Amino acid sequence: MNRFAATLAIQMVTAIPAVAPLIQEALREEPGLTTGDVSLARQLDLLILSPFQTVLDRGSLEQTCAEGPFLIVIDGLDECEDKQGAQEFIDHIVAFFVKHPFIPLRVFIASRVEEHIRERLEADGVQLGNLDSHSPDKDIETYLQASFQAASRRDRVIRAYVTARGEWPVKSDMKKLLKHIGGSFVLASTIFKFIVQPATTEHPLTPMERLPLTLEMNGLDGLYAQTLARSQHLPHFHTIISTITLLEEPLPIVKIAKILGIPTFEIIHVLLNLQGIIHVPGADDKGRVTLCHTSLRDFLETESRSGSFFVPRSFHLRLSYYSIASLFGRDNGLPYLTNRNFLSYNLKSLVSKVDHTRTLNNEVEQLEAHQSLFVDLLSPHAFLCTIFFYFTALYGSPNSPDFARYYFTEWPRQLALAMECPHSRV
(Lines give C-alpha, C1' and ligand atoms only; values in the text may rest on other atoms or scores of the structure.)
Protein backbone atom coordinates (compact mmCIF):
# COMPACT_ATOMS: atom_id res chain seq x y z
CA MET A 1 0.00 0.00 0.00
CA ASN A 2 3.07 2.29 -0.15
CA ARG A 3 1.93 4.01 -3.36
CA PHE A 4 -1.80 3.79 -2.69
CA ALA A 5 -2.29 7.34 -1.34
CA ALA A 6 -0.07 8.83 -4.05
CA THR A 7 -2.15 7.09 -6.74
CA LEU A 8 -5.36 8.46 -5.23
CA ALA A 9 -3.80 11.92 -5.10
CA ILE A 10 -3.02 11.83 -8.82
CA GLN A 11 -6.61 10.86 -9.57
CA MET A 12 -7.93 13.62 -7.31
CA VAL A 13 -5.81 16.26 -9.06
CA THR A 14 -7.42 15.20 -12.34
CA ALA A 15 -10.92 15.60 -10.88
CA ILE A 16 -10.18 18.65 -8.68
CA PRO A 17 -7.23 20.67 -10.09
CA ALA A 18 -7.44 23.12 -7.19
CA VAL A 19 -5.86 20.56 -4.83
CA ALA A 20 -2.63 20.35 -6.89
CA PRO A 21 -0.72 23.19 -5.17
CA LEU A 22 -1.75 21.89 -1.75
CA ILE A 23 -0.42 18.41 -2.55
CA GLN A 24 2.80 19.89 -3.96
CA GLU A 25 3.30 21.89 -0.77
CA ALA A 26 2.78 18.76 1.35
CA LEU A 27 5.36 16.88 -0.72
CA ARG A 28 7.92 19.68 -0.33
CA GLU A 29 7.46 19.72 3.43
CA GLU A 30 7.47 15.94 3.80
CA PRO A 31 9.23 14.10 0.91
CA GLY A 32 8.70 10.75 2.65
CA LEU A 33 5.05 10.81 1.56
CA THR A 34 5.94 9.11 -1.72
CA THR A 35 8.68 6.76 -0.50
CA GLY A 36 6.74 4.76 2.07
CA ASP A 37 8.66 6.30 4.99
CA VAL A 38 5.44 7.82 6.35
CA SER A 39 2.46 5.89 7.71
CA LEU A 40 -0.45 5.27 5.37
CA ALA A 41 -2.74 7.25 7.68
CA ARG A 42 -0.53 10.32 7.40
CA GLN A 43 -0.25 9.90 3.64
CA LEU A 44 -4.04 9.84 3.36
CA ASP A 45 -4.33 12.92 5.56
CA LEU A 46 -1.74 15.07 3.77
CA LEU A 47 -2.31 13.92 0.17
CA ILE A 48 -6.08 13.29 0.08
CA LEU A 49 -8.23 14.34 3.02
CA SER A 50 -6.62 17.60 4.10
CA PRO A 51 -6.31 19.06 0.55
CA PHE A 52 -9.95 18.15 -0.14
CA GLN A 53 -11.11 19.82 3.10
CA THR A 54 -9.06 22.95 2.38
CA VAL A 55 -10.47 23.38 -1.13
CA LEU A 56 -13.95 22.73 0.24
CA ASP A 57 -13.55 25.35 2.99
CA ARG A 58 -12.42 27.91 0.40
CA GLY A 59 -15.73 27.46 -1.41
CA SER A 60 -14.12 26.21 -4.61
CA LEU A 61 -16.44 23.19 -4.81
CA GLU A 62 -19.83 24.77 -4.05
CA GLN A 63 -21.23 24.42 -7.58
CA THR A 64 -19.88 20.91 -8.04
CA CYS A 65 -21.05 19.68 -4.64
CA ALA A 66 -24.57 20.89 -5.43
CA GLU A 67 -24.77 17.96 -7.86
CA GLY A 68 -23.80 15.42 -5.21
CA PRO A 69 -20.75 14.27 -3.20
CA PHE A 70 -17.42 13.25 -4.69
CA LEU A 71 -16.84 9.50 -4.88
CA ILE A 72 -13.62 7.51 -4.47
CA VAL A 73 -13.94 3.97 -5.87
CA ILE A 74 -11.58 1.25 -4.62
CA ASP A 75 -12.00 -1.96 -6.62
CA GLY A 76 -10.53 -5.30 -5.59
CA LEU A 77 -9.23 -4.36 -2.14
CA ASP A 78 -9.05 -8.09 -1.37
CA GLU A 79 -6.33 -8.44 -4.03
CA CYS A 80 -3.97 -6.25 -2.01
CA GLU A 81 -1.32 -8.48 -0.45
CA ASP A 82 -0.64 -5.93 2.30
CA LYS A 83 -3.50 -6.98 4.60
CA GLN A 84 -2.33 -4.76 7.42
CA GLY A 85 -2.21 -1.80 5.06
CA ALA A 86 -5.76 -2.52 3.85
CA GLN A 87 -6.96 -2.60 7.45
CA GLU A 88 -5.16 0.64 8.25
CA PHE A 89 -6.79 2.31 5.25
CA ILE A 90 -10.30 1.21 6.28
CA ASP A 91 -9.78 2.16 9.93
CA HIS A 92 -8.53 5.63 9.05
CA ILE A 93 -11.25 6.34 6.51
CA VAL A 94 -14.00 5.19 8.88
CA ALA A 95 -12.55 7.34 11.69
CA PHE A 96 -12.40 10.32 9.31
CA PHE A 97 -16.09 10.06 8.44
CA VAL A 98 -17.02 9.69 12.10
CA LYS A 99 -15.42 13.13 12.65
CA HIS A 100 -16.77 14.60 9.41
CA PRO A 101 -20.13 12.89 8.74
CA PHE A 102 -21.44 15.64 6.43
CA ILE A 103 -18.40 16.16 4.22
CA PRO A 104 -19.39 15.74 0.52
CA LEU A 105 -17.09 12.80 -0.03
CA ARG A 106 -17.84 9.07 -0.16
CA VAL A 107 -15.67 5.95 -0.52
CA PHE A 108 -17.00 2.93 -2.40
CA ILE A 109 -15.11 -0.33 -1.82
CA ALA A 110 -15.69 -3.40 -4.00
CA SER A 111 -14.15 -6.56 -2.61
CA ARG A 112 -14.58 -10.25 -2.04
CA VAL A 113 -15.50 -11.17 1.52
CA GLU A 114 -12.12 -11.53 3.22
CA GLU A 115 -12.08 -11.72 7.01
CA HIS A 116 -9.50 -8.98 7.54
CA ILE A 117 -11.66 -6.62 5.44
CA ARG A 118 -15.08 -7.71 6.71
CA GLU A 119 -14.24 -7.23 10.38
CA ARG A 120 -13.09 -3.65 9.72
CA LEU A 121 -16.11 -2.71 7.58
CA GLU A 122 -18.64 -3.85 10.15
CA ALA A 123 -18.69 -0.39 11.74
CA ASP A 124 -21.10 2.49 12.22
CA GLY A 125 -21.42 4.68 9.15
CA VAL A 126 -20.60 1.86 6.73
CA GLN A 127 -23.30 0.53 4.42
CA LEU A 128 -22.64 -3.04 3.35
CA GLY A 129 -24.12 -4.54 0.20
CA ASN A 130 -24.12 -8.21 -0.78
CA LEU A 131 -23.96 -8.80 -4.54
CA ASP A 132 -24.45 -12.58 -4.30
CA SER A 133 -28.18 -12.17 -4.82
CA HIS A 134 -27.71 -9.77 -7.75
CA SER A 135 -27.63 -11.24 -11.25
CA PRO A 136 -25.16 -9.33 -13.46
CA ASP A 137 -26.44 -10.85 -16.71
CA LYS A 138 -28.26 -7.68 -17.84
CA ASP A 139 -25.23 -5.52 -17.04
CA ILE A 140 -22.93 -7.92 -18.91
CA GLU A 141 -25.27 -7.98 -21.90
CA THR A 142 -25.31 -4.17 -22.00
CA TYR A 143 -21.52 -4.10 -21.77
CA LEU A 144 -21.08 -6.63 -24.59
CA GLN A 145 -23.60 -4.94 -26.88
CA ALA A 146 -21.93 -1.56 -26.44
CA SER A 147 -18.47 -3.08 -26.89
CA PHE A 148 -19.35 -4.99 -30.07
CA GLN A 149 -21.03 -1.89 -31.52
CA ALA A 150 -17.90 0.16 -30.82
CA ALA A 151 -15.75 -2.56 -32.38
CA SER A 152 -17.87 -2.59 -35.53
CA ARG A 153 -17.28 1.14 -35.94
CA ARG A 154 -13.50 0.75 -35.60
CA ASP A 155 -12.88 -2.53 -37.40
CA ARG A 156 -13.35 -2.46 -41.18
CA VAL A 157 -13.77 -6.24 -41.38
CA ILE A 158 -16.59 -6.27 -38.82
CA ARG A 159 -18.17 -3.20 -40.39
CA ALA A 160 -18.16 -4.81 -43.84
CA TYR A 161 -19.60 -8.04 -42.40
CA VAL A 162 -22.44 -6.17 -40.67
CA THR A 163 -23.17 -4.24 -43.88
CA ALA A 164 -23.40 -7.47 -45.88
CA ARG A 165 -24.98 -9.84 -43.30
CA GLY A 166 -26.72 -7.61 -40.78
CA GLU A 167 -26.53 -7.72 -36.98
CA TRP A 168 -23.46 -9.26 -35.34
CA PRO A 169 -23.39 -11.04 -33.02
CA VAL A 170 -26.91 -12.32 -33.70
CA LYS A 171 -29.25 -12.68 -30.73
CA SER A 172 -28.88 -16.46 -30.55
CA ASP A 173 -25.07 -16.19 -30.38
CA MET A 174 -25.30 -13.43 -27.78
CA LYS A 175 -27.57 -15.63 -25.69
CA LYS A 176 -25.10 -18.53 -25.89
CA LEU A 177 -22.26 -16.19 -25.04
CA LEU A 178 -24.03 -14.87 -21.94
CA LYS A 179 -24.78 -18.40 -20.78
CA HIS A 180 -21.16 -19.44 -21.31
CA ILE A 181 -19.86 -16.40 -19.40
CA GLY A 182 -21.98 -17.37 -16.39
CA GLY A 183 -22.19 -13.97 -14.73
CA SER A 184 -18.43 -13.25 -14.69
CA PHE A 185 -17.52 -9.73 -15.79
CA VAL A 186 -13.84 -10.73 -15.90
CA LEU A 187 -14.61 -13.56 -18.32
CA ALA A 188 -16.88 -11.28 -20.39
CA SER A 189 -14.15 -8.66 -20.74
CA THR A 190 -11.44 -11.20 -21.55
CA ILE A 191 -13.59 -13.06 -24.08
CA PHE A 192 -14.50 -9.83 -25.84
CA LYS A 193 -10.83 -8.83 -26.16
CA PHE A 194 -10.00 -12.30 -27.49
CA ILE A 195 -12.74 -12.11 -30.12
CA VAL A 196 -11.86 -8.67 -31.52
CA GLN A 197 -8.06 -8.78 -31.22
CA PRO A 198 -6.23 -8.16 -34.53
CA ALA A 199 -5.53 -11.12 -36.77
CA THR A 200 -1.93 -12.18 -37.38
CA THR A 201 -0.17 -14.20 -40.07
CA GLU A 202 -0.03 -17.19 -37.73
CA HIS A 203 -3.64 -16.73 -36.55
CA PRO A 204 -5.63 -15.12 -39.38
CA LEU A 205 -9.14 -15.78 -38.02
CA THR A 206 -11.65 -12.94 -38.17
CA PRO A 207 -13.71 -11.90 -35.10
CA MET A 208 -16.74 -13.63 -36.64
CA GLU A 209 -14.79 -16.90 -36.90
CA ARG A 210 -13.31 -16.50 -33.42
CA LEU A 211 -16.61 -16.03 -31.59
CA PRO A 212 -17.81 -19.68 -31.93
CA LEU A 213 -14.42 -20.87 -30.61
CA THR A 214 -14.96 -19.03 -27.33
CA LEU A 215 -18.09 -21.09 -26.67
CA GLU A 216 -15.95 -24.25 -26.63
CA MET A 217 -13.43 -22.91 -24.11
CA ASN A 218 -13.47 -24.01 -20.49
CA GLY A 219 -13.81 -20.66 -18.73
CA LEU A 220 -10.82 -18.38 -18.24
CA ASP A 221 -8.26 -21.18 -18.18
CA GLY A 222 -9.20 -22.33 -21.66
CA LEU A 223 -9.20 -18.76 -22.93
CA TYR A 224 -5.82 -18.01 -21.37
CA ALA A 225 -4.29 -21.21 -22.78
CA GLN A 226 -5.59 -20.62 -26.31
CA THR A 227 -4.43 -16.99 -26.31
CA LEU A 228 -0.96 -17.81 -24.97
CA ALA A 229 -0.61 -20.52 -27.60
CA ARG A 230 -0.60 -17.77 -30.25
CA SER A 231 2.95 -16.79 -29.21
CA GLN A 232 4.23 -20.00 -27.64
CA HIS A 233 6.29 -20.87 -30.71
CA LEU A 234 8.14 -17.54 -30.76
CA PRO A 235 11.70 -17.10 -29.41
CA HIS A 236 11.98 -16.16 -25.71
CA PHE A 237 8.22 -16.60 -25.16
CA HIS A 238 8.48 -18.29 -21.77
CA THR A 239 11.21 -15.95 -20.52
CA ILE A 240 9.15 -12.89 -21.45
CA ILE A 241 5.92 -14.20 -19.91
CA SER A 242 7.71 -15.29 -16.73
CA THR A 243 9.32 -11.88 -16.33
CA ILE A 244 6.03 -9.98 -16.77
CA THR A 245 4.33 -12.33 -14.30
CA LEU A 246 6.95 -12.08 -11.54
CA LEU A 247 8.07 -8.45 -11.74
CA GLU A 248 7.21 -6.56 -8.57
CA GLU A 249 6.26 -3.51 -10.64
CA PRO A 250 5.14 -3.41 -14.31
CA LEU A 251 7.67 -1.94 -16.76
CA PRO A 252 7.72 -0.45 -20.28
CA ILE A 253 8.65 -2.74 -23.16
CA VAL A 254 12.15 -1.30 -23.60
CA LYS A 255 13.04 -1.91 -19.94
CA ILE A 256 11.84 -5.50 -20.11
CA ALA A 257 14.02 -5.94 -23.20
CA LYS A 258 17.06 -4.50 -21.39
CA ILE A 259 16.48 -6.67 -18.34
CA LEU A 260 16.48 -9.82 -20.44
CA GLY A 261 19.07 -8.82 -23.03
CA ILE A 262 16.49 -9.46 -25.76
CA PRO A 263 15.86 -7.11 -28.70
CA THR A 264 12.79 -4.91 -28.24
CA PHE A 265 11.21 -6.08 -31.49
CA GLU A 266 11.19 -9.68 -30.24
CA ILE A 267 9.37 -8.62 -27.05
CA ILE A 268 6.80 -6.77 -29.16
CA HIS A 269 6.37 -9.75 -31.50
CA VAL A 270 5.43 -11.96 -28.55
CA LEU A 271 3.15 -9.43 -26.88
CA LEU A 272 1.12 -8.31 -29.90
CA ASN A 273 -0.43 -11.77 -30.16
CA LEU A 274 -1.50 -11.59 -26.50
CA GLN A 275 -3.36 -8.29 -26.37
CA GLY A 276 -6.56 -10.08 -25.41
CA ILE A 277 -5.09 -10.89 -21.99
CA ILE A 278 -2.09 -8.54 -21.61
CA HIS A 279 -2.20 -4.76 -21.85
CA VAL A 280 0.46 -3.67 -24.35
CA PRO A 281 1.21 0.10 -24.30
CA GLY A 282 1.18 2.02 -27.55
CA ALA A 283 4.77 3.26 -27.13
CA ASP A 284 7.81 1.07 -26.48
CA ASP A 285 9.34 3.43 -23.90
CA LYS A 286 6.16 4.73 -22.28
CA GLY A 287 3.31 3.01 -20.48
CA ARG A 288 3.71 -0.35 -18.79
CA VAL A 289 3.05 -3.94 -19.80
CA THR A 290 0.44 -5.32 -17.39
CA LEU A 291 -1.72 -8.41 -17.05
CA CYS A 292 -5.35 -7.56 -17.82
CA HIS A 293 -6.48 -9.36 -14.66
CA THR A 294 -4.86 -10.93 -11.62
CA SER A 295 -6.55 -14.24 -12.48
CA LEU A 296 -4.01 -14.59 -15.31
CA ARG A 297 -1.17 -14.48 -12.78
CA ASP A 298 -2.97 -17.11 -10.68
CA PHE A 299 -3.32 -19.27 -13.80
CA LEU A 300 0.34 -18.94 -14.78
CA GLU A 301 1.62 -19.67 -11.27
CA THR A 302 -0.50 -22.83 -10.85
CA GLU A 303 1.13 -25.71 -12.74
CA SER A 304 -1.94 -27.96 -12.62
CA ARG A 305 -3.90 -25.29 -14.51
CA SER A 306 -1.36 -23.76 -16.88
CA GLY A 307 0.66 -26.85 -17.88
CA SER A 308 3.37 -25.86 -20.36
CA PHE A 309 2.74 -22.17 -19.65
CA PHE A 310 3.58 -22.58 -15.95
CA VAL A 311 5.76 -19.83 -14.44
CA PRO A 312 7.75 -21.23 -11.48
CA ARG A 313 8.69 -18.90 -8.65
CA SER A 314 12.24 -20.18 -9.10
CA PHE A 315 12.44 -17.86 -12.14
CA HIS A 316 13.30 -15.17 -9.58
CA LEU A 317 16.78 -16.73 -9.76
CA ARG A 318 17.24 -15.54 -13.33
CA LEU A 319 15.78 -12.10 -12.56
CA SER A 320 18.24 -11.83 -9.68
CA TYR A 321 21.08 -12.80 -12.01
CA TYR A 322 20.14 -10.15 -14.59
CA SER A 323 19.97 -7.61 -11.76
CA ILE A 324 23.40 -8.41 -10.29
CA ALA A 325 25.00 -8.76 -13.73
CA SER A 326 23.78 -5.30 -14.70
CA LEU A 327 25.63 -3.80 -11.71
CA PHE A 328 28.91 -4.77 -13.42
CA GLY A 329 27.96 -3.26 -16.76
CA ARG A 330 29.19 0.02 -18.14
CA ASP A 331 26.71 2.43 -19.70
CA ASN A 332 24.32 -0.46 -20.21
CA GLY A 333 21.14 1.57 -19.95
CA LEU A 334 19.77 -0.46 -17.06
CA PRO A 335 19.20 2.14 -14.30
CA TYR A 336 16.15 0.26 -13.05
CA LEU A 337 18.16 -2.83 -12.28
CA THR A 338 20.61 -0.95 -10.07
CA ASN A 339 17.74 -0.20 -7.72
CA ARG A 340 18.36 -2.11 -4.52
CA ASN A 341 14.63 -2.74 -4.12
CA PHE A 342 14.50 -4.67 -7.40
CA LEU A 343 17.42 -6.90 -6.42
CA SER A 344 16.21 -7.36 -2.86
CA TYR A 345 12.68 -8.27 -3.97
CA ASN A 346 13.84 -11.03 -6.30
CA LEU A 347 16.37 -12.49 -3.87
CA LYS A 348 13.85 -12.54 -1.03
CA SER A 349 11.19 -14.05 -3.31
CA LEU A 350 13.67 -16.70 -4.39
CA VAL A 351 14.57 -17.67 -0.83
CA SER A 352 11.12 -17.40 0.73
CA LYS A 353 8.89 -18.77 -2.02
CA VAL A 354 10.96 -21.54 -3.62
CA ASP A 355 10.94 -24.56 -1.33
CA HIS A 356 11.39 -27.43 -3.78
CA THR A 357 14.93 -28.40 -4.76
CA ARG A 358 13.74 -29.83 -8.10
CA THR A 359 12.40 -26.49 -9.32
CA LEU A 360 15.47 -24.63 -8.08
CA ASN A 361 17.81 -27.16 -9.69
CA ASN A 362 15.92 -26.83 -12.99
CA GLU A 363 16.33 -23.07 -12.84
CA VAL A 364 20.07 -23.40 -12.14
CA GLU A 365 20.37 -25.62 -15.22
CA GLN A 366 18.39 -23.09 -17.28
CA LEU A 367 20.61 -20.27 -16.07
CA GLU A 368 23.75 -22.20 -17.03
CA ALA A 369 22.25 -23.02 -20.42
CA HIS A 370 21.39 -19.35 -21.15
CA GLN A 371 24.52 -17.83 -19.65
CA SER A 372 25.61 -16.27 -22.94
CA LEU A 373 23.20 -13.36 -22.48
CA PHE A 374 25.20 -11.70 -19.70
CA VAL A 375 28.31 -13.87 -19.34
CA ASP A 376 30.51 -10.92 -20.38
CA LEU A 377 29.25 -9.05 -17.30
CA LEU A 378 29.12 -11.78 -14.64
CA SER A 379 29.81 -15.50 -14.62
CA PRO A 380 26.62 -17.43 -13.70
CA HIS A 381 28.77 -19.61 -11.41
CA ALA A 382 30.00 -16.57 -9.50
CA PHE A 383 26.43 -15.35 -9.29
CA LEU A 384 25.19 -18.67 -7.87
CA CYS A 385 27.91 -18.55 -5.22
CA THR A 386 26.64 -15.08 -4.32
CA ILE A 387 23.09 -16.42 -4.00
CA PHE A 388 24.17 -19.24 -1.68
CA PHE A 389 26.16 -16.77 0.41
CA TYR A 390 23.15 -14.45 0.59
CA PHE A 391 20.98 -17.34 1.73
CA THR A 392 23.44 -18.30 4.46
CA ALA A 393 23.90 -14.74 5.71
CA LEU A 394 20.17 -14.09 5.84
CA TYR A 395 18.69 -17.42 6.89
CA GLY A 396 21.51 -19.63 8.16
CA SER A 397 21.54 -23.34 7.33
CA PRO A 398 18.54 -24.81 5.45
CA ASN A 399 15.89 -26.49 7.60
CA SER A 400 14.78 -29.03 5.00
CA PRO A 401 17.08 -32.12 4.82
CA ASP A 402 16.54 -32.41 1.05
CA PHE A 403 17.36 -28.76 0.49
CA ALA A 404 20.32 -28.92 2.89
CA ARG A 405 21.75 -31.85 0.91
CA TYR A 406 21.33 -29.94 -2.35
CA TYR A 407 22.66 -26.75 -0.78
CA PHE A 408 25.91 -28.22 0.57
CA THR A 409 26.71 -30.12 -2.64
CA GLU A 410 25.73 -27.45 -5.17
CA TRP A 411 27.53 -24.53 -3.52
CA PRO A 412 31.00 -26.20 -3.66
CA ARG A 413 30.33 -27.26 -7.27
CA GLN A 414 29.47 -23.70 -8.31
CA LEU A 415 32.45 -22.33 -6.38
CA ALA A 416 34.78 -24.71 -8.20
CA LEU A 417 33.30 -23.77 -11.57
CA ALA A 418 33.59 -20.06 -10.71
CA MET A 419 37.28 -20.49 -9.87
CA GLU A 420 37.90 -22.28 -13.17
CA CYS A 421 36.13 -19.53 -15.11
CA PRO A 422 38.65 -17.24 -16.85
CA HIS A 423 36.69 -14.13 -15.97
CA SER A 424 38.11 -10.78 -14.91
CA ARG A 425 35.39 -10.22 -12.32
CA VAL A 426 35.71 -13.55 -10.48
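Descriptive notes on the structure:
- Residues located in the stretch 39-74, provided they are under 34 Å from the mean Cα position of the chain (by Cα), farther than 17 Å from residue 24 by Cα and of a type in the set (Gly, Ala, Ser): 39, 41, 68
- Among residues of the stretch 262-274, those that are surrounded by fewer than 20 Cβ atoms within 10 Å (Cβ to Cβ) and either part of a helix (DSSP H, G or I) or touching a strand residue (DSSP E or B) at 6+ places or on another chain (Cβ under 7 Å) (or both), counted: 6
- Hey, residue 52 of a type in the set (Phe, Trp, Tyr), under 16 Å from residue 3 (Cα atoms) and in a helix (DSSP H, G or I) or not: no
- Total residues in the stretch 290-307 satisfying the condition of being closer than 18 Å to residue 189 by Cβ and free of Cβ contacts under 8 Å to residues at least 12 places away in the same chain: the figure is 1.
- Within the stretch 39-58, the set of residues being among the small types (Gly, Ala, Ser) and open to solvent by 30 Å² or more (accessible area, probe 1.4 Å) comprises 39, 50.
- Leading residue by the ranking (farthest from residue 223 (Cα to Cα)) among those in the stretch 180-201 that are exposed (fewer than 15 other Cβ atoms within 10 Å of the Cβ) and not hydrophobic (A, V, I, L, M, F, W, C): 201
- The requirement of being within 30 Å of residue 191 (Cα to Cα), open to solvent by 30 Å² or more (accessible area, probe 1.4 Å) and acidic (Asp, Glu) is fulfilled somewhere in the stretch 107-128, by at least one residue.
Residues are listed down the side, and each one gets a yes or a no for (1) more than 26 Å from residue 302 (Cβ to Cβ); (2) open to solvent by 10 Å² or more (accessible area, probe 1.4 Å); (3) of a type in the set (A, V, I, L, M, F, W, C):
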position: 203; (1), (2), (3): no, yes, no
position: 219; (1), (2), (3): no, yes, no
position: 234; (1), (2), (3): no, yes, yes
position: 243; (1), (2), (3): no, no, no
position: 260; (1), (2), (3): no, no, yes
position: 278; (1), (2), (3): no, no, yes
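- Residue 23 being open to solvent by 30 Å² or more (accessible area, probe 1.4 Å) and at pLDDT 90 or above: no
- Residue within the stretch 75-90 that is surrounded by 13 or more Cβ atoms within 10 Å (Cβ to Cβ), more than 26 Å from the chain's Cα centre (by Cα) and part of a helix (DSSP H, G or I) present: no
- Exactly one residue among 167, 114, 119, 88 is within 30 Å of residue 278 (Cβ to Cβ) and either modelled with pLDDT of 95 or more or of a type in the set (D, E, K, R) (or both), and that residue is 114.
- The listed residue being at negative phi and in contact with a helix residue (DSSP H, G or I) (Cβ under 6 Å, 6 or more places away or on another chain), out of 81, 119, 62, 114: 114
- The set of residues in the stretch 188-198 that are closer than 15 Å to residue 158 by Cβ and part of a helix (DSSP H, G or I) comprises 192, 193, 194, 195, 196.
- Annotation note: Cβ proximity below 6 Å between a residue of the stretch 108-120 that is β-branched (Val, Ile, Thr) and a residue that is at pLDDT below 85 (sequence gap 6+ or interchain) occurs for no pair.
- Positions within the stretch 148-178 being of a type in the set (Gly, Ala, Ser) and surrounded by fewer than 15 Cβ atoms within 10 Å (Cβ to Cβ), in sequence order: 150, 160, 164, 166, 172
- Any hit, the stretch 134-147, residues being aromatic (Phe, Trp, Tyr) and either in contact with a His (Cβ under 8 Å, 6 or more places away or on another chain) or open to solvent by less than 70 Å² (accessible area, probe 1.4 Å) (or both): yes
- When residues in the stretch 199-256 are screened for being part of a loop (DSSP other than H, G, I, E, B) and within 25 Å of the chain's Cα centre (by Cα), 16 of them pass.
The values are calculated or read from the model by the stated rules, or taken from the named source; none is laboratory data. Here the structure is a predicted model, which is why all the values come from computation and not from measurement. Methodologically, a virtual Cβ is constructed for each residue, glycine included, from the backbone with ideal geometry; neighbour enumeration extends over all protein chains shown. Areas reflect the complete protein model, heavy atoms only, side chains present, ligands, DNA and RNA absent. Shrake-Rupley method; radii C 1.70, N 1.55, O 1.52, S 1.80 Å.
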